[in-house]
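Please treat every number below as a calculation from the coordinates, not as lab data. What you see is a predicted model; the values in this text were computed from it and never measured. Neighbour counts run over all protein chains shown; Cβ positions are idealised from the backbone, glycine included.
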Amino acid sequence: MVFSCGALIPRQSGEVNAEQTSPVCSIVYLGMMVGAFFWGGMSDKVGRRQCLLICMSTNGFFAFLSSFVQGYGVFLLCRVFAGFGIGGAVPIVFSMFAEVLSREKRGEHLSWLCMFWMIGEIYASAMAWAIIPHYGESQF
């Protein structure tokens, strides 16, 4: 849901139609799927810390770059690479977190991690829902 919030302002302003909004929302998840498979195996070979730094740098760079591109196709390309980075970070973070937990509490704490991730997504979506109708893109 958080990845989809960026499609709200262009659609509200009439810059894109519904057919163009759908790929914007789903292309990030495609990148996440491929990234999870790629970086999950790579982190076992190269090391989790190094792969996590590369994943987060990839996500940050392409997410930042996507805010400046002018073409729709280049924007989708930036979003798929941003998803590739964040998709790799998720399994690495879960693995690193599970390594430091005691065996008795591992399942419980991993469930807490998942729960707070979803709470964060709901919070970010609620903030976008509250802010965008009042301020729109005119303030940014």
### Summary
Each label sits 7 Å from Cα toward the beta-carbon; between residue 21 and residue 114 the label points are separated, in nm, by 3.0 nm
### Summary
Once residue 96 and residue 74 are pulled to full extension, the length gained, defined as 0.36 nm per residue separation minus their Cα-Cα distance, is 4.6 nm
### Task
May I ask you to derive the relative contact order of segment 31-115, considering only C-alpha pairs under 8 Å and at least 6 residues apart, and to give it as an integer percent?
41 percent
### Query
Under a point spin-label approximation (7 Å from Cα along Cα-to-Cβ), what is the residue 121-residue 29 distance to one decimal in nm?
0.9 nm
### Message
Just to verify a number: FRET efficiency for residue 65 and residue 130, C-beta to C-beta distance, R0 = 30 Å, to 0.05?
### Response
0.60
